[in-house]
């Protein structure tokens with residue numbers, strides 16, 4: 001029963017993450033949201049050591065701060081998207097939070113069980129939230145074929161299967177590394193936004209400088225982690 005309530009609590013965090021993530025897209029656009037979401041690296045560099053009871057790695061915090069600096073740069077030039085950026089950062093924080101919690105739970109329960117209870121709890125919480133806010137109207141349930149296909153792709157291909165895989169991976173690699181890898185979504189998310197939504201016309205060129213800084217920080221982390229691991233083995 002204790003695990004049930006723990007997984008349900010994590011499911012609630014996932015629901016809040018969904019609301020913030022898609023709220024960020026609604027208030028800004030896909031590109032801005034994906035870049036703001038990259039702040040998850042900084043949050044994980046702090047949350048993971050606290051919950052895993054290990055020392056904070058200095059370079060992880062520095063890389064997180066570099067990414068935050070890139071976000072600040074983007075924030076200063078894309079001021080019309082300030083609410084979307086804040087919601088994107090909130091989505092990054094909640095993602096890091098449930099990612100670290102799942103890293104702990106993965107050593108206690110099977111990935112399928114964790115995913116089933118957490119996503120079920122998130123669905124129930126989201127349903128209650130929408131019901132209380134009066135979002136369940138006849139129009140809400142009117143879907144065309146493309147909407148149905150899109151929802152199936154988002155729910156199964158982009159959510160359920162990757163979620164189960166990430167929970168399973170958290171038994172072998174740190175949540176911080178998973179979050180850092182997920183930050184690569186920034187790249188293909190922006191490419192998708194440019195190709196299908198013409199968002200390159202909505203953002204300023206300096207925006208892409210911030211994106212470049214974030215990508216460099218991601219690869220720098222991989223390099224420093226490799227060096228750190230070699231030192232640990234030699235000692």
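The values are calculated or read from the model by the stated rules, or taken from the named source; none is laboratory data. Quick caveat, the model's predicted, so the values are computed rather than measured. For neighbour counting, all protein chains shown are included, and Cβ atoms are generated from backbone atoms with ideal geometry for every residue, glycine included.
For this structure, a couple of remarks:
- Of the residues making up region 11-39, those that are buried (at least 22 other Cβ atoms within 10 Å of the Cβ) and farther than 15 Å from residue 129 by Cα are 24, 28, 31, 32, 33, 34, 35, 36, 37, 38, 39.
- Residue 91 falls short on exactly one of the conditions (1) surrounded by 13 or more Cβ atoms within 10 Å (Cβ to Cβ); (2) more than 18 Å from the chain's Cα centre (by Cα); (3) part of a helix (DSSP H, G or I), and that condition is (2).
- Of the residues examined, residue 65 is one that is out of contact with any strand residue (DSSP E or B) (no Cβ under 8 Å at 6 or more places or on another chain) and surrounded by fewer than 19 Cβ atoms within 10 Å (Cβ to Cβ).
- So residue 72, is it farther than 20 Å from residue 176 by Cβ and touching a helix residue (DSSP H, G or I) at 6+ places or on another chain (Cβ under 6 Å): no
For every residue, the table says whether it meets (1) more than 24 Å from residue 66 (Cα to Cα); (2) at pLDDT below 70; (3) surrounded by fewer than 15 Cβ atoms within 10 Å (Cβ to Cβ).
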position	(1), (2), (3)
187	no, yes, yes
190	no, yes, no
198	yes, yes, yes
202	yes, yes, no
213	no, no, no
216	no, no, yes
220	no, no, yes
227	no, no, yes
234	yes, yes, yes
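- Number of positions in region 125-140 that are farther than 25 Å from residue 9 by Cα and at pLDDT 75 or above: 3
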